[in-house]
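Quick notes on the structure that follows.
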Amino acid sequence: MVNSDTIYHSDKKISTTSVTLGLLRKELISNLGMKRAKAFLLRYGWNLGVAYAKKWLQNPANLEDMLTKGDLLKIQTGQTSKMAAERTLKTNVDGKVVYIFSTGKWTDSIEVKEHIKNFGLSTTPVCHTQAGISSGFVTMMTNRKVYCKEVKCRAMGHDECAYEIRIEEEWHNDPDMLEEIGLYRERSVMDELNHSYEQLIDQKNYIEKISTFHDTLTKNSSEGRSVEELARTVSRILKIPVTIEDLNFQARCYAGMDKDTYDALKEDFLGSVPRKICGKPKLTTNDKNNIIRGMLHNRLIAPIVVQNETIGYMSFIYADKTVEFEKDSMLLQRAASSIADWFLAEKASIKEAAKIKGYLLEQLLSKPYQPESSIVNQCSSMGIDLKKAFYIAVLQFTPNGLDTNIGEFQKQVLSSITRYLEMQNYTILITQYENQLVMLMPKVKELHFNLENIINYLSNDYWQGIFRIGLSNESETTSHISERLEEAQKVLRINKKDPIVFHEETNMIGALINSKNMSTIRRKAQKELQPILQLKDSKRDELLKTMYVFLLNGGNLQQSSNDLSLSMSGLLYRISRIEKLLNQQLRDPRAAYELLLMLDALRVIGDIDV
């Protein structure tokens, strides 16, 4: 049995082990996070250094000697087993320190040992207590704000732990050290504990928010709400503007903002998003979110993935660029998943509806035996009112060197357009008909805009080719639908340049030619041009194109030479041969007019390509 008298000490020393300090350090990092634990350890070390400096200043000695003695502090406190240091110290005539620079290294740091044991290798230095001790001790001794930075650390895989000590002003070009200096000035451990408590409360509220959000979305989805209603629900619950857009960022719907705001932010987004070589936005199409920071707003974007295929994007919009929105990633992914579920549920019905719409359009184009009113009623049930004005459109694709089966390619394009139209909630009839893609499009105010978007969408998906759309005259009855189809086909042959061509804007030749007079025109033109038409294909096409360009330019030799990329002598030779074959003078106004008329007619009906 041991008994002792009570002994009072002004400053008791408590022995502990490196394992104990390691456990304390582990708990701090685990509960406060790396940054806040670092701040705590730096300040703890700082206060240790200040306390030792105050004690030694009670018996002051030469400053250089006291600083050298201070270098041994970390050995005395058990932080390390060996120290090496070099120092440059300058003072003014009054003895005030004007410059100090010190480098050194410490060996066998217990902070390194315990950190590696508990967390493995680090990406940043870990000897925070030792850096704090040096900073606090030297600051107290020199009466200047002095800070120690660990520049190498064995916990990072370096061969040693090394440091530098400088006056605060000397660190102004080192942003990482300036951030570390800020940690010395942060709150006390009680404030840290309060902050941790507040974080727990925030986390609890956030989890409750996610739960409520999840339950509401699940309920709305099970009730069969539309995608527009789901977007409004997400925006209302989270108080965040929301967009649902296709792969080319054309809006299916948006909520929480008006059209002018949406248009302005979309322009800002398109100007800020990174792009691929082909010009398409460069975004991840897997389950990861994308963050785009524009000039006017920030945007958090998640792909809408249906059966491993990205069909569009859902975005949260942050007009206040100071808002920390990364925490909303989980909510966005949950919302995008609900939207994807909606499209998946609709996919089967959409596919079946597309088949029915295609069948109905084929029936209209092929003039079926069933009464017209029957098809009109069936189209009405599919959302197409044939009692109102509509157009017939033909989609033309030029492979541009792409080796592809046209029939299979048309099926792919048909699927892409169907998917795009569903994202845009725009109802049309579309089908493959006589090796073409034919569309019946109700007359709407934004028709030209919709056509442009279809072209852009397809061009982005199939950038190797060139897409064009020919549009018929307006029709209010299905009885003339064959004529409307003919107009859409014909206008693409007349205008070979523009991506969207309207029949109402075509020339007189195109307006006059139709299926009733086509055979007469063909016979007349073939009779007059027979000497050229009977030549071999390459020679025939060469002379026809030369004649067409020459006549179209009003007999201007220089312009024709430029347009054909042909020398003047070559052009004169061809003109001479044409005149000889046809026994006509191309400069004769009457002959030139008739020949140009015939060439235009053959071009419109598709017999020649010039």
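The values are calculated or read from the model by the stated rules, or taken from the named source; none is laboratory data. It should be emphasised that the depicted structure is a prediction, and the values quoted were computed from it without experimental measurement. As a convention, Cβ positions derive from the backbone with ideal geometry for all residues, glycine included, and neighbour counts pool all protein chains shown. In case anyone asks, the SASA skips ligands and DNA or RNA and just uses the protein heavy atoms, side chains included. Shrake-Rupley method; radii C 1.70, N 1.55, O 1.52, S 1.80 Å.
Table for the structure above
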quantity: Residue satisfying condition, being among the β-branched types (Val, Ile, Thr), more than 20 Å from Trp56 (Cα to Cα) and in contact with an Asp or Glu (Cβ under 6 Å, 6 or more places away or on another chain), within set Val98, Val112, Val126; calculated: Val126
quantity: Unmet criterion (only one of (1) under 21 Å from Asp461 (Cβ atoms); (2) surrounded by fewer than 17 Cβ atoms within 10 Å (Cβ to Cβ)) for Asn248; calculated: (2)
quantity: Qualifying positions in the stretch 422-458 - open to solvent by 40 Å² or more (accessible area, probe 1.4 Å), more than 19 Å from Gly383 (Cα to Cα) and within 29 Å of the chain's Cα centre (by Cα); calculated: His448, Phe449, Glu452, Asn456
quantity: Residue in the stretch 313-334 that is out of contact with any helix residue (DSSP H, G or I) (no Cβ under 6 Å at 6 or more places or on another chain), modelled with pLDDT under 85, in a loop (DSSP other than H, G, I, E, B) and under 21 Å from Asp461 (Cβ atoms) present; calculated: no
quantity: Of the criteria (1) touching a Lys or Arg at 6+ places or on another chain (Cβ under 9 Å); (2) under 21 Å from Val98 (Cα atoms); (3) surrounded by 15 or more Cβ atoms within 10 Å (Cβ to Cβ), which one Asn143 fails; calculated: (3)
quantity: From the options Ile384, Ile430, residue that is in contact (Cβ under 8 Å) with a residue 12 or more places away in the chain, outside the structural domain of Met314 (by the TED database), part of a strand (DSSP E or B) and farther than 16 Å from Pro499 by Cβ; calculated: Ile430
quantity: Residue satisfying condition, being closer than 15 Å to Gly132 by Cα and at pLDDT below 85, within set Leu24, Leu32, Leu73; calculated: Leu73
quantity: Whichever residue in the stretch 355-381 is modelled with pLDDT under 75 and farther than 20 Å from Ser472 by Cα and, among such residues, is most open to solvent (accessible area, probe 1.4 Å); calculated: Tyr369
quantity: From the options Ala61, Ala37, Ala53, Ala84, residue that is buried (at least 17 other Cβ atoms within 10 Å of the Cβ) and out of contact with any His (no Cβ under 9 Å at 6 or more places or on another chain); calculated: Ala53
quantity: In the stretch 527-548, the residues that are in contact (Cβ under 8 Å) with a residue 60 or more places away in the chain and either in a helix (DSSP H, G or I) or touching a Gly at 6+ places or on another chain (Cβ under 6 Å) (or both); calculated: Glu528, Asp541, Leu544, Lys545, Tyr548
quantity: Residue in the stretch 459-480 that is least open to solvent (accessible area, probe 1.4 Å), counting only those that are at pLDDT below 85 and within 21 Å of Ile384 (Cβ to Cβ); calculated: Thr478
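Listed here are the residues, each with its yes/no results for (1) modelled with pLDDT under 85; (2) not in a helix (DSSP H, G or I).
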{"residue": "Gln558", "(1), (2)": "no, no"}
{"residue": "Asp563", "(1), (2)": "no, no"}
{"residue": "Ile578", "(1), (2)": "no, no"}
{"residue": "Met598", "(1), (2)": "yes, no"}
{"residue": "Asp607", "(1), (2)": "yes, yes"}
